[in-house]
Amino acid sequence: MKKIIITLDGFSSCGKSTLAKQLARKLNYVFIDSGAMYRAITLYFMRNHINWNNNDEVQVALKDINLDFDYNDLTGSSDMLLNDENVELLIRDMLVSEHVSEVAANQYVREFGVAQQQKLGTRKGIVMDGRDIGTTVFPNAELKIFVTADPAVRVERRFKEMFEKNPQITIEEVKDNLEMRDYLDSNREFSPLKKAEDAIVLDNSNLTREEQLNIALEWANQKMVG
Ligand code: CDP
């Protein structure tokens, strides 16, 4: 069977990472969470008071950022390392979620992210999730999946996930944040979120984890033998 690149793109909290992790585990592929990279850059900018609307500041700051992934046996996926510090938990915080889409819209941040992601894909055998993976990062990927889910289902899923870590969080906060990020991600100038023409749509609103995995595995198997 040949090794392929699988891309998963879609709106916030539609289950892309869950599906990407499942696929990677089944196929013995490497899972790469491109959103974690933009989240880590955002954390760096916040900590160092970098104005992400100032391109000169952004270009200088990016030179000091080193991103890496470290496999975590306990979770079965990779943690994000920012200049060798494990920031996996910090980058999921609402404070980062509030700014990540503004940071990810910056032209130089995008060039930085895309270049690193393309480097990670040179060996094939990877599953990468994000917003522009099938359109910009790997336009020649063998299998492109555009994941969607009903907005109410997405809010509910993300609320449950965040409530476990922070019981202060409200469903309105989560809803507002998802709507804001989806709007910014879809309407930005560089690499906006959109379905690649050759991507297959997977609506998982009413699918269990196993069902969505089986559908995607069948698509992957067809590409791997083809
Ligand atoms: O919250 P969710 O898991 O859906 O988002 P994420 O995958 O962690 O991505 C966080 C943010 O990073 C997105 O809202 C986008 O603004 C940005 N992003 C991007 O611009 N391009 C990507 N390939 C991945 C994420």
Worksheet item: What do you get for Rg/Rh of the range 1-68 when both radii come from the Cα atoms and Rh is the Kirkwood radius?
Response: 1.11
Worksheet entry | Choice from P167, P151, P139 showing the highest fluctuation, given a GNM over the chain with Cα pairs closer than 10 Å | P167
Fill in: Distant alpha-carbon pairs in the range 103-226 (separation over 25 angstrom), percent
36
Fill in: At 1.306 mPa s and 10 °C, Stokes diffusion of the chain via Kirkwood alpha-carbon radius, µm² per second
89
Worksheet item: Between K16, K175, K165, which gets the highest mean-square fluctuation from a Gaussian network model of the chain, Cα cutoff 10 Å?
Response: K165
Item to complete: Sort all Cα-Cα distances of the range 141-186 into consecutive 5 angstrom bins from zero, then give the percent of pairs in each bin up to the one containing the longest distance.
Response: 5, 19, 24, 21, 14, 9, 5, 3, 0
Worksheet item: Using the alpha carbon gyration tensor of the range 33-96, what are the three equivalent-ellipsoid semi-axes (square root of 5 times each eigenvalue), largest first, in whole Å?
Response: 23, 12, 9
Worksheet item: Quick one: which of 202-215, 125-138 comes out on top by average Cβ neighbours within 10 Å, and what's the full order, highest first?
Response: 125-138, 202-215
Worksheet item: Between the range 180-197 and the range 30-63, what is the C-alpha centre distance in whole Å?
Response: 18
Worksheet item: Can you give the net charge of the other residues whose Cβ lies under 10 Å from the Cβ of N48, counting K and R as +1 and D and E as -1?
Response: -1
Worksheet, complete the sentence: Among beta bridges assigned by DSSP with both residues in the range 5-212, the antiparallel ones amount in percent, to the nearest 5, to 30
Discussion item. Based on the alpha-carbon set only, what is the convex hull volume of the range 73-116 divided per residue, in Å³?
Written reply: 99
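Each value in this text was obtained by applying a stated rule to the coordinates, not by laboratory testing. This is a predicted model, so every value here is computed, not measured. Cβ sites come from the backbone with ideal geometry, for glycine too, and all protein chains shown count toward neighbours.
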